[in-house]
1. Determine ³J(HN,Hα), in whole Hz, for all residues of the range 35-40 in sequence, where each value follows from phi through the Karplus function 6.51 cos²θ - 1.76 cosθ + 1.60 and θ = phi - 60°; x replaces Gly and Pro.
2. Lys/Arg Cβ at +1, Asp/Glu Cβ at -1, dipole of the chain taken about the Cα centre: which of Ile134, Leu80, Gly58 is farthest positive-ward?
3. Can you give the helix-only mean residue ellipticity at 222 nm for the chain, where every DSSP H stretch with n ≥ 4 adds -39500 (n - 2.57) and the sum goes over all residues, rounded to the nearest 500 deg cm²/dmol?
4. What are the ³J(HN,Hα) couplings of the range 86-100, residue after residue, when phi is run through the Karplus curve with 6.51, -1.76, 1.60 and θ = phi - 60°? Round to Hz, x for glycine and proline.
5. For Tyr82 and His118, what does the FRET efficiency come to when R0 = 41 Å and r is the distance between their Cβ atoms, rounded to the nearest 0.05?
6. Relative to the longest principal axis of the chain, what angle (0 to 90°, nearest 10) does the C-alpha long axis of helix 5-30 take?
7. Rounded to whole Å and sorted largest first, list the principal axis extents of the Cα atoms in the range 1-130.
8. Which residue, Asn88, Asn110, Asn49, has the most motion in a Gaussian network model of the chain that connects Cα atoms within less than 10 Å?
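Read-outs: derived from the displayed coordinates by stated rules, not from any lab. Values in this document were obtained by computation on a predicted structure and should not be read as measured data. Using ideal geometry, Cβ is built from the backbone for each residue, glycine included, and neighbour counts are taken over all protein chains shown.
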Amino acid sequence: MRVRESHILVMILFLSMAGIAIATYLVADHYQVVESVCLYGEDECGSINRGPYSTIFGVPWSVIGLVGFVIVFVLAYLRLYYAQLDSNYRFIPMILLVSIVGVIFVIYLNYLELFEIHAICSWCTISHIFMIVILLLIAWWFFLGRFRDIEAAK
């Protein structure tokens, strides 16, 4: 079976929806709207998500993650279902850019968790994995996959 752009975009839609769900929970946890539940161990997720490293310039990291996943979702959705809006093929590079920025944030946040906070938030780690996989999928498609799809269409 040949991988098509639609396959990549559907996977990105699912990953970004899951990322939106986790980020929404983390935003609610940050503002203490919900009770903090960690997937393992003590309440490391709550202490990390509400601790001194939980914001940048007063904005919670979880809000930034939520915005990133929403942007990726919207761009992938528009490219998949309204491709005529993307006649210049800009949505795929925009998803690539957002996911690169997201993974840069992921690297920084993992540094903070490992070397400054000395604790790991399991929910954060799962959302980080989602963003990394989104980057890998869209980078593969942008640099390699789309050329095969274009050649096959000729």
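1. 7, 5, 10, 9, 6, 8
2. Comparing the listed Cα positions along the dipole, Leu80 ranks first.
3. Mean residue ellipticity, 222 nm, calculated: -22000 deg cm²/dmol.
4. Taking θ as phi minus 60°, the curve returns 10, 5, 8, 6, 9, 5, 4, x, 5, 4, 4, 5, 4, 6, 5 Hz for the range 86-100.
5. Details: r = 46 Å, r/R0 = 1.12.
The pair Tyr82/His118 has a calculated efficiency of 0.35.
6. The angle comes out near 20 degrees.
7. 47, 28, 27
8. Asn88
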